[in-house]
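Asks: Starting off with a structure, shown below.
FYI, it's all coordinate maths here, none of it is from the lab. Everything quoted here is computed from the prediction, not taken from an experiment. Heads up, the Cβs are rebuilt from the backbone with ideal geometry, glycines too, and the neighbour counts pull from every protein chain shown.
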Amino acid sequence: MKAIQFYAPEDIRYEDVEIKEPQKGEVLVKIMAALTCGTDVKTFRRGHPVLIKEIPSGFGHEFSGVIEKLGEGVENFKVGDRVVAANSAPCGECFYCKKSQYNLCENLQFLNGAYAEYITVPARIVEKNMLKIPEDLSFEEAAFTEPLANVVHGAERTDIKEGQSVGIIGIGPIGLLFAKYAKLKGARVIVGGRNPLKLELAKEFAGVDRVVDLTKVENVEEIFKSFSDEGRGLDIAIECVGLPEIWEQVFSLVRPGGTVHFFGGCKSGSEVHLPTVKMHYGDIKIMSVFHHTPEYVRKALALIASHKMDVKKLITEEVSLDKVPYAMQKHIEGSVIKVLVKP
């Protein structure tokens, strides 16, 4: 088959790769749609200590497709089924899994290789995190299940409620999905970003109440607080960039008794400095949610299937498999949101 292989930072190659025959419990899926992701772009630029464990490695992790072949013992699926699979699955047996904190699983099994004609889904993911796609849902829409599962997990843990003021800094795909989900929850939403394409999609896709172009304002705190009740500060502030300085900025936007969610993961070794007086005497709830769980993978697919969230609006370009290096560069330029890769 043809596939994109990762060799080193900024060295990915379109080449012939042997198809891995499905073993016991595994499933071979013909990929019909794959999506680019911010994590893929970070991996492309600097590698990844968890996702890339050997060289060369498969690349990409958001996909949907059709079952081509079943390994021995696979139940509940048949050849020809339209399916979507998450990029990981927990073991169910470790310290954290026994506490139902499946996203913290010590043996979390990851899957890479979505930028290819076929992908072999490991038995554990088949069992725990592979789902049939509803008949009226396109492959492109279904491929959003994994990124949306992260957002639904984060948003539900944040406990967004109707009427609350919610501010989001960083409106890439994840920030836009957060904004849309908050609107579906009935919140009043203000977002801040720098990219004109993303600012426009915050209105068109997410339907937020206010969009702030951070390149044109000096006092971000004043603008975001003016959006809140009585100007006291936001009920909830969410960081979707992954930069320590933005973490610190977002902390300043929330009111006493509010919640700050640091969702964007910072580079290893990063540190932040937060004012302890406001943190303690302001009774601020601070949280940071990582990844998804089987529960939220299912909730994400159900949400997409409800058609309350038109995820296709986030696809800004479509390319063939050999053009994945081009898609990575377009992301670096900031001229795309999600690129649909059609093998």
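Asks: Helix 173-184: angle to the longest alpha-carbon principal axis of the chain, degrees 0 to 90, nearest 10?
Replies: The helix 173-184 is inclined about 70 degrees to the chain.
Asks: Using +1 at the Cβ of each Lys and Arg and -1 at the Cβ of each Asp and Glu in the chain, identify which of Ile284, Gly192, Pro9 lies farthest towards the dipole's positive end.
Replies: Value: Ile284.
Asks: Rounded to the nearest 500, what is the chain's calculated 222 nm mean residue ellipticity when only DSSP H runs of at least 4 contribute -39500 (n - 2.57) each, over all residues?
Replies: Mean residue ellipticity, 222 nm, calculated: -8000 deg cm²/dmol.
Asks: Subtract the Cα-Cα distance of Val66 and Arg13 from 0.36 nm times their separation in residues, and report this length gain in nm to one decimal.
Replies: Stretched fully, the Val66-Arg13 segment lengthens by 16.6 nm.
Asks: What ranking do 140-150, 125-135 get when scored by the average of other Cβ atoms within 10 Å per residue, highest first?
Replies: Ranked by mean Cβ neighbours within 10 Å, highest first: 140-150, 125-135.
Asks: Quote the relative contact order of the stretch 154-287 in percent (integer), defining contacts as alpha-carbon pairs under 8 Å separated by 6+ residues.
Replies: 22
Asks: Take every DSSP beta bridge with both residues inside the chain and express the antiparallel ones as a percent of the total, to the nearest 5.
Replies: 55
Asks: Using only Cα atoms, find the angle between the long axis of helix 324-333 and the longest principal axis of the chain, and express it within 0 to 90 degrees, rounded to the nearest 10.
Replies: Once rounded, one gets 10 degrees.
Asks: Moving to a separate point now. What order, most packed first, do the peptides 209-217, 110-118, 165-173, 64-72 have when packing is the mean number of other Cβ atoms within 10 Å of each residue?
Replies: 165-173, 110-118, 64-72, 209-217
Asks: Please give the peptides 274-282, 294-302, 312-320 ranked by average Cβ packing (other Cβ atoms within 10 Å per residue), highest first, as a rough proxy for protection.
Replies: Ranking the peptides 274-282, 294-302, 312-320 by packing returns 294-302, 312-320, 274-282.
Asks: Okay, moving on. For the stretch 270-296 and the stretch 187-220, what is the separation of their C-alpha centers, rounded to whole Å?
Replies: 23
Asks: Also, I was wondering about something else. Quick one: compute the contact order of the chain, relative version, from alpha carbon pairs under 8 angstrom and 6+ residues apart, as a percent.
Replies: 18
Asks: Quick check: the angle from helix 145-158's long axis to the longest principal axis of the chain, C-alpha only, nearest 10 degrees?
Replies: 30
Asks: Right, next: Quote the charge dipole size of the stretch 160-303 about the Cα centre in Debye, to the nearest 20; the model charges only the Cβ of Lys and Arg (+1) and of Asp and Glu (-1).
Replies: Roughly 440 debye, rounded to the nearest 20.
Asks: Quick check for me: using +1 on Lys/Arg Cβ and -1 on Asp/Glu Cβ, what's the dipole size of the chain about its Cα centre, in debye to the nearest 20?
Replies: 460
Asks: Of the listed pairs Lys69/Lys299; Lys267/Lys313; Lys183/Lys308; Lys30/Lys330, which have alpha-carbon separations greater than 18 Å here?
Replies: As for pairs spanning more than 18 Å Cα to Cα, those are Lys69/Lys299; Lys267/Lys313; Lys30/Lys330.
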